[in-house]
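Structure record follows, encoded as structure tokens.
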Amino acid sequence: MNKSVNKVVGGTALCFGLFCQSLLAAVAEYQVQLKDHLFFPSQITIPANQKVKLVIHNQDDTPEEFDSFSLNRDKVIFANNKATIFIGPLQPGEYDFFGEYNPNTARGTVIVEHQKQKAADAN
């Protein structure tokens, strides 16, 4: 390839990379801890019709599998590690999740709600 083609390809790749990075930065992030085979918080409220990122920190010395039939997600989270799970956009409602290896204790719910509109300033 000649130098002008390399510049165009390189510039296009740079712009595409910056565009993708800005899209990922716009995704809201929610943190969840897994400790003593319990999720904290056990309820997470997220906005309807938006993609969000769940970051789950497994602070236990054993692995756990995040599992949700209603969210259609499952992911093993190794001991003392974290995992990222993208969910949504979702309709308003409640979506349960659990730890496959400790289903009686590791339980939680994602609550999806419409965002409340800010009141217009009367002044």
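The table below lists the values:
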| item | result |
| --- | --- |
| Distance in nm between pseudo-label sites at N72 and Q50 (7 Å out along the Cβ direction from Cα) | 2.2 nm |
| Average accessible surface area per residue within segment 27-116, 1.4 Å rolling probe, Å² | 56 Å² |
| FRET efficiency, E94 to A26 (Cβ-Cβ, R0 30 Å, nearest 0.05) | 0.75 |
| Beta bridge orientation in segment 27-116: antiparallel %, DSSP, nearest 5 | 65 percent |
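The values are calculated or read from the model by the stated rules, or taken from the named source; none is laboratory data. Just so it is clear, the structure is predicted and the values come from calculations on it, not from any experiment. Backbone-built Cβ (ideal geometry, glycine too); neighbour counts: all protein chains shown. Note: areas computed on protein heavy atoms with side chains; ligands, DNA, RNA excluded. Shrake-Rupley method; radii C 1.70, N 1.55, O 1.52, S 1.80 Å.
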